[in-house]
Structure formats: C-alpha cells, structure tokens
Amino acid sequence: MGKFIINYIRQSLNALKNPKQMIPTVILGLFWLALALLGSFGINPLPVRILSFLTFAQGGMFGGVFGAVGGILGKVVVVAFLNAAVIPLFQKKAPFSGIGGGIKGFFKSLVVKSLASIAPLLGGLGFSLLLYAFMNSSQSLQNSIVGIIAFVMILQNMGRQSGFMWGLVFSVAGSISKGKTPSYIGVSRYLSGMTLGFALAVALSAMKLPWSAWLGAGFLLSALIFIIVAKRKREVSAA
C-alpha cells in the first residue's frame with residue numbers, strides 16, 4: 001500500500017513539469033481566496049454562497065484542527081476532480097470517461113450471494129461515511145459538494161478499473177490477503193459501498209442529520225461481524 005501511495009504522489013508531482021496542468025488548480029485557489037475575503041467582510045449574497053458550495057470554499061473553516069485537516073483533504077478531492085474535468089480537454093480527450101461503466105458495475109456489485117460478499121459493501125459504506133464526516137466536519141449541506149464529487153469520482157474509477165481509489169483499495173486488499181491478487185468483484189463491491197455511503201451522507205446533510213460518523217462506525221462494525229461469521233461458516237464447512 002505504501003508503495004502505491006508513493007508512486008501516486010510521484011505521478012501527481014509530474015504535473016508540475018507542465019504549467020498548463022496547474023492552471024485549474026491556480027484558478028480554484030484564487031476563487032477560494034476571493035470567497036474567503038468576501039466572507040471576512042460579511043459579503044455573502046446568493047451568488048457567493050453558490051460559488052462557495054460549488055468550490056468547497058468553506059471546507060476546513062470549522063471544527064478546529066480536526067476540521068481543518070479534513071477540509072484540506074476535501075479540497076484535495078475537489079482539486080483532483082477539477083483536474084480530471086479540465087486536463088483531458090487540453091489533451092483532446094473526453095473527461096469523466098468510464099462513468100457509464102461504473103454505473104453498470106455498481107448495480108452488478110449489489111448482487112450478493114453470500115455473507116462474505118456483503119462485507120465489502122458494508123465496509124465501503126462505513127468507510128465513506130466516516131471519510132465524509134472527516135472532510136465535512138460540520139456535515140452541512142453547504143459543504144456537501146465534496147461528497148457529491150467523491151461519488152462521481154469513485155464511479156469513474158469503477159468504470160475504468162483504475163484511478164486512486166481503485167488502486168488504493170486493490171493495494172490494501174492485496175496486503176490483507178498476503179500477496180494474493182484481490183478479486184475485481186470484491187474491489188468493485190467495496191467501491192460500490194463507498195458510492196452508497198457518500199450518497200447517504202449527502203442525503204443526511206440535506207436533512208440536517210449529522211449522523212454520518214455514527215452510522216459509518218456502525219456499518220464498519222457490521223462488516224467485521226459479517227467477515228467473522230463468514231469465516232467461521234467456511235471453517236465449519238471444511239471440517
């Protein structure tokens with residue numbers, strides 16, 4: 001897993017060699033600065049609120065140190081999304097290719113036939129709820145765009161069977177299985193669970209219910225229980 005993250009960081013830093021690829025990030029940073037200045041002067045009309053929502057400008061502004069760190073992570077997600085939308089245009093490619101395949105894979109992953117196959121769904125669901133609560137510490141609708149963006153990006157990862165989250169989950173699963181190649185359906189189920197989790201988290205924010213962290217912990221515990229039960233069932237069958 002560590003090797004995967006290091007390689008991903010190296011690939012991301014390669015963007016610094018091409019100034020054009022930095023343009024979206026710089027522009028977004030200027031928007032964040034301008035919106036922060038407007039907010040400090042109490043200027044907050046509807047257009048400013050809409051821009052703040054779309055750019056996750058208030059991410060990390062609340063919740064102390066914990067909220068700030070989570071907000072920074074959320075801003076990284078927003079930057080990655082913006083780059084995924086704009087940079088392919090410079091390369092004369094279609095942005096967000098793979099989302100259609102991701103939607104198909106999502107529905108296929110929901111078909112479960114055993115206790116063991118339920119665990120990845122619950123695990124992904126729980127993890128994404130906790131991650132959302134971390135990035136959006138206030139769990140407010142104003143900052144919920146980070147959940148929507150994460151939802152779209154994971155669908156794209158599933159469709160392409162590549163990208164940061166796909167590679168990370170694949171790497172972690174490989175480490176847990178002691179070097180065995182993880183099944184693609186298992187990785188897809190976990191990511192499908194994450195899409196469900198982010199969708200649920202945004203819905204909870206819309207209903208002003210700050211339950212994401214608690215529900216996330218509950219789903220992770222449920223996933224662990226399913227793993228234990230499935231393992232014991234296999235042991236009994238093998239005996």
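The values are calculated or read from the model by the stated rules, or taken from the named source; none is laboratory data. Everything quoted here is computed from the prediction, not taken from an experiment. Backbone-built Cβ (ideal geometry, glycine too); neighbour counts: all protein chains shown.
Residue under question is Leu121, and the condition is that it be closer than 18 Å to Thr195 by Cα and part of a helix (DSSP H, G or I); does it hold?
When the stated conditions are applied, Leu121 passes them.
Which of the residues that make up the range 86-101 are in a helix (DSSP H, G or I) and without any contact (Cβ under 8 Å) to a residue 60 or more places away in the chain?
Start the filter on the range 86-101 by keeping residues that are in a helix (DSSP H, G or I), which leaves 86-90, 99-101.
Listed by number, the residues that qualify are Pro88, Leu89, Gly100, Gly101.
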Exercise. Determine, yes or no, whether Val202 is on the phi < 0 side of the Ramachandran plot and surrounded by 14 or more Cβ atoms within 10 Å (Cβ to Cβ).
Key: yes
Quiz item: Given the conditions (1) in contact with a helix residue (DSSP H, G or I) (Cβ under 6 Å, 6 or more places away or on another chain); (2) under 16 Å from Val187 (Cβ atoms); (3) in a helix (DSSP H, G or I), which single one is not true for Val112?
Solution: (3)
Quiz item: Can you find a residue in the range 214-232 that is basic (Lys, Arg), more than 20 Å from the chain's Cα centre (by Cα) and in a helix (DSSP H, G or I)?
Solution: yes
Self-check item: Residues being modelled with pLDDT of 80 or more and part of a helix (DSSP H, G or I) - total across the range 169-209
Solution: 24
Practice problem: Starting from residues that are crowded, with 17+ Cβ neighbours inside 10 Å and of a type in the set (A, V, I, L, M), keep the ones in the range 180-198 and report whichever is farthest from the chain's Cα centre (by Cα). | Solution: Val187
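Using the structure shown, decide if Ser128 is polar (S, T, N, Q), in contact (Cβ under 8 Å) with a residue 40 or more places away in the chain and either closer than 23 Å to Met207 by Cβ or assigned to a loop (DSSP other than H, G, I, E, B) (or both).
Details: polar (S, T, N, Q): yes; in contact (Cβ under 8 Å) with a residue 40 or more places away in the chain: yes; either closer than 23 Å to Met207 by Cβ or assigned to a loop (DSSP other than H, G, I, E, B) (or both): yes.
So Ser128 passes the test.
Condition check: closer than 16 Å to Ala201 by Cα and modelled with pLDDT of 90 or more. Does Gly59 satisfy that? Full working, then the answer.
Details: closer than 16 Å to Ala201 by Cα: yes; modelled with pLDDT of 90 or more: no.
No.
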Self-check item: Residue satisfying condition, being touching a Leu at 6+ places or on another chain (Cβ under 9 Å), closer than 17 Å to Ser140 by Cα and part of a helix (DSSP H, G or I), within set Leu28, Leu51, Leu35
Solution: Leu51
Quiz item: Mind checking which residues of the range 80-117 are of a type in the set (Val, Ile, Thr) and either within 16 Å of the chain's Cα centre (by Cα) or crowded, with 17+ Cβ neighbours inside 10 Å (or both)?
Solution: Val86, Ile87, Ile99, Ile103
Quiz item: Of (1) farther than 22 Å from Pro24 by Cα; (2) loosely packed, with under 15 Cβ neighbours inside 10 Å, Ile72 satisfies all except one. Which?
Solution: (1)
